[in-house]
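The values are calculated or read from the model by the stated rules, or taken from the named source; none is laboratory data. This structure is a prediction, so every number in the text was calculated from the model and none was measured. Glycine gets a Cβ as well: all are built from the backbone with ideal geometry, and neighbour counts include every protein chain shown. Surface accessibility is based on the protein's heavy atoms, side chains included, excluding ligands, DNA and RNA. Shrake-Rupley method; radii C 1.70, N 1.55, O 1.52, S 1.80 Å.
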Amino acid sequence: MADQVFTFDVPTEIDKTVLGGKGCSLMQMSNIGLDVPPFFVIPCQTCVHYMENQSWPADYEAKIWAALKKIEDATGRKFGDSAKPLLLSVRSGARVSMPGMMDTVLNLGLNDESVEGLAKDSGNERFAWDAYRRFIQMYGDVVLGVPHKNFEHILEGLKKKYSAAQDTDLSAEHLKECVAEYRAMVKKTINEEFPKDPKDQLIRAINAVFDSWTNERAVYYRNMHSIDHRWGTAVNVQSMVFGNLGQTSGTGVGFTRDPATGEKMIYGEFLPNAQGEDVVAGIRTPIKISDMESVGGVWPGVYKQLCDNYDKLEAFYKDMVDLEFTVQDGKLYMLQARVGKRTAAAMVRIAAEMVKEGMITEKEALLRQEPNKIGELLHKTFDPKAVRNVVATGLPASPGAGVGRVEFTAADAEARFNAGEPAILVRAETSPEDIVGMTMSQGILTARGGCSSHAAVVARGMGKCCVAGCSAVEVDEEAEQMKINGKVFKRGDWLSLDGSTGEVIEGQLATIAPVFSENFNLILQWADKYRQLDIRTNADTPADAKQAVAFGAQGIGLTRTEHMFFEHDRIYSMREMIVSETAEQRKAALAKLLPFQRDDFIGMFKALEGRPANIRLLDPPLHEFVSQEMDFAPLIKATGKSEEELRAFVDSLAEANPMLGFRGCRLGMVYPEISRMQARAIMEAAAEVQATGLEVHPEIMIPVLNHVNEMEAMRKLVADECEKVLAEKNIKVDYHIGTMIELPRACITADKIAEHAEYFSFGTNDLTQTTTGISRDDYNKFMPVYLDKSVYPFDFFQRIDTEGVGELMKMAVQKGRTTRPGMKIGICGEQTGQESVFFCQQIGLTYISCSPFRVPGARVSAAQAALLYPREQ
Ligand code: PEP
Ligand code: MG
């Protein structure tokens, strides 16, 4: 592919991996009969070739000139001509969108001759010289590396000299002077004439776009979005059309549905007499496309055509389309169309409504969901009861509630975040350089720009609250303050932003938990219809369990009982148990803990309303419950020992590798009374709740299991205590005893372990730690470097390492089920993102257990997994 050039006149179905997103959309729009200015596409593979060899493929230049000739023929214009010059845009376009991260050059082909041609041809000398000055500025910045501010400085000087309030107040003569000054400055800065030969201009612009693939912000963006650095960008070379030829010209951007809410409407903005970049840069505040009808002139006709194009594009893409267009002398040209980025709320609504409209199927709707974004729907909005002191209203560019302290630069927002405080980033307008600060802010407020401005697009992509185009905001970056309708806000003042209404609110407004929309419920219902994996939750408190059940959890997959020992006065009894010298002393201390544990479990069983609860016996090493800094007085009182004795005992608990030490089932093996107390508490609670008429299904899980003998002994111990309780109460309870699988040896001997374990649950946190030999607590010292250098493809503690840890999991599933066919096997480690869920589906797990707020996302991931990797049930 690297040696090819794709031209507008030869329809092709070749996809984004070759043509890039933009090039592909030009081809598709051209294929479905929309008016697109003639173009050619240099594929991504050519960029890769260029990056590897620092040169183009053999004979490639000749192919470029042949493609250019086709554009000349189709437009009746000639490159560099002094009568009817062809001007080109040269744009990047990777296979996934990287908004504003790479470079673009417009109006290419202008020089001292062709500018005269453009003036004559357009009948507008001012326009021609303005295009020329814009070209030198852009080309100088992007291709020649001349600082942007050098150009700004000259332009501002001329505006002052001729008392021009705006750029548009400068005449053709002024702009000629500007061009002359620009060129002189370029020569002085880079010691080279501004290139006059259009062909030379084009070759260098193409190389500059190739080079922009590896610029710093593009690399940062790719790292943030896990985009492969090896893909390269396509280059789109296209005949220019002008939106700034006067009042019958203009430019706009739109979406076929509202990208913030998902509502079907003619959504978008346009600026009469403007170039495309003006809309995105937010320099003037645009007019809504839906208001075009009432503007008069050519605009109602253009509006009708646009509505038609909206329908055609949605019919083709079967999704919400993000589009760009330009109107030149009343004629509409489409410049770009692609499936649009959207908020989580819009993602859900668009998919659900497209199913209702008969445009897509339920399965397609599910496969379009991004499970990681679903969390956004579960997060806070402002408390409707909180009093809002609204100081201004801007455009509701990206929904959500943002509360933080005002910062005026991306760097300051980043610093505040690093200091552990929430920031609201306030800018006149954002630019791609602000990306890091935007990531680290709670919300973004801009004074200029519409709903398609950089701030709006980027914030929506991040699922971050944004209020854009709030013209009441006057930012004074130097004085580190802003005025909003006369009121001064300084750096560090609290501000709240409502991205759904566009309100800017003084102070720190209270927030509340979210409500599920009808469309969201539909998506989740469809997810439940298709998924084959059950979804449980990791919950240690009745409140967490309740929340998870509300989010659709089908039970608890892990209760870490150790968390229950830290509350209130329980820790004192726990410590008393730890420093006991005899089993009798230990039993006495445990007897004090028993009622607390029982009450906790009663709360859990009630919250679950009949769903199963998988409760794990005590896991962490005992020294985690004591320290030299703790208050020794209660312990001295309870044990009668001296402080020195107790301190010495605490010291004696220290271990060199506590994660590999006296923890998990080893505690129960050495101190069986601990496990007995926990088993008793679980069964007494189960019996009590069952007596109220609610179903209970306790599952008791043994942690850090290594050897079948441990399983056999622990099972015997736990079952014995359970049976004792049931005999005392004269009642039957459906209970099961299983184990965590979190050590490699347990995977390898899973067939033996399954003889005594009724179910398995993969503890992939410890299994990753022990398989890879990487400490889960200390790995951040080297992991960032490893990820940066791609030594590891991703962080194994966030996503299952399928080729290493995953192989052990597969072995355990296969061996476990050889002994116990159809055995229930789940996962309760942290790796429950989309890719990990897909893997769990493929290796035949029964359920996923994740934290409550991940439950809805996991339901959707599981449905996608079932659709992509179906298995016989
Ligand atoms: C695990 O190891 O994956 C697990 C769930 O247990 P913990 O994180 O409590 O060690
Ligand atoms: Mg573990």
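For residue 443, the residues 5 or more places off, or on other chains, whose built amide H falls under 5 Å of its own are 425. Against the main long axis of the alpha-carbon atoms of the chain, helix 198-212 sits at an angle near 10°.
With an a/c value of 1.5 or above and a/b larger than b/c for the gyration tensor axes a ≥ b ≥ c computed over the alpha-carbon atoms, the range 762-873 is described as prolate.
Among residues other than residue 590 with Cβ under 13 Å from its Cβ, the summed charge is +4 (Lys and Arg +1, Asp and Glu -1).
For the range 250-339, just say rounded, prolate or oblate: build the C-alpha gyration tensor, square-root its eigenvalues into a ≥ b ≥ c, call rounded for a/c under 1.5, and beyond that prolate if a/b exceeds b/c, oblate if not. Verdict is prolate for the range 250-339. Sorted largest first by accessible area at a 1.4 angstrom probe radius, with every protein chain in place, the residues 263, 269 fall in the order 263, 269. Taking every DSSP beta bridge that has both ends in the range 380-512, the antiparallel portion is near 70%. When only Cα pairs under 8 Å and 6 or more residues apart are kept, what is the percent relative contact order across the range 380-512? The value is 37 percent.
As a length-normalised measure over Cα pairs under 8 Å and 6 or more apart, the relative contact order of the chain settles at 9 percent. Restriction of the GluC sites (Glu not before Pro) in the range 147-193 to DSSP coil positions whose beta-carbon has at most 16 other beta-carbons within 10 angstrom yields 192, 193. Pairs over the 25 Å Cα-Cα cut-off, from the set 16/312; 312/529; 70/318; 637/716: 312/529; 70/318; 637/716.
Restricting the range 548-648 to GluC sites (Glu not before Pro) that sit in a DSSP loop and have at most 16 other Cβ atoms within 10 Å of their own Cβ leaves 567, 581, 609, 629.
Only aspartates and glutamates eight or more places from residue 732 in sequence, or on another chain, were considered; those with a Cα closer than 12 Å are 684, 688, 695, 723. Residues whose amide H falls under 5 Å from that of residue 740, counting only those 5 or more places apart or on a different chain, are 702, 704, 705, 761, with hydrogens built in the peptide plane. Think of it as helices only: each DSSP H run of n ≥ 4 in the chain is worth -39500 (n - 2.57), and spread over all residues that comes to -13500 deg cm²/dmol at 222 nm. Once a ≥ b ≥ c are taken as the square roots of the eigenvalues of the Cα gyration tensor of the range 380-512, is the result rounded (a/c under 1.5), prolate (a/b larger than b/c) or oblate (a/b not larger than b/c)? Because its axes are fairly even, with a/c under 1.5, the range 380-512 counts as rounded. Once the Cα atoms are used to define both axes, helix 44-53 deviates from the longest principal axis of the chain by about 90 degrees. Measuring only protein heavy atoms, the 1.4 Å probe finds residue 206 accessible over about 0 Å². Based on C-alpha pairs under 8 angstrom that are at least 6 apart in sequence, the range 256-394 has a relative contact order of 21 percent. Put simply, the amide H of residue 557, placed in the peptide plane, has neighbours under 5 Å in 537, 538, 539, 614, leaving out anything fewer than 5 places away on its chain. Lysines within cross-link reach of residue 161: Cα-Cα under 21 Å, excluding same-chain residues under 8 positions apart? Here the lysines satisfying the reach criterion relative to residue 161 are 149, 176. Packing, as the average of other Cβ atoms within 10 Å across residues, places the peptides 819-831, 286-298 in the order 819-831, 286-298, highest first. Note on the chain: Cα convex hull, mean projected area over all directions, 42.1 nm². DSSP beta bridges confined to the chain are antiparallel in about 60 percent of cases. Principal-axis analysis of the Cα atoms of the chain puts helix 518-530 at an angle of about 60° to the longest axis. Shown here for the range 109-208: chymotrypsin sites (Phe, Trp or Tyr not before Pro) in loop regions (DSSP other than H, G, I, E, B) with at most 15 other Cβ atoms within 10 Å, namely 162.
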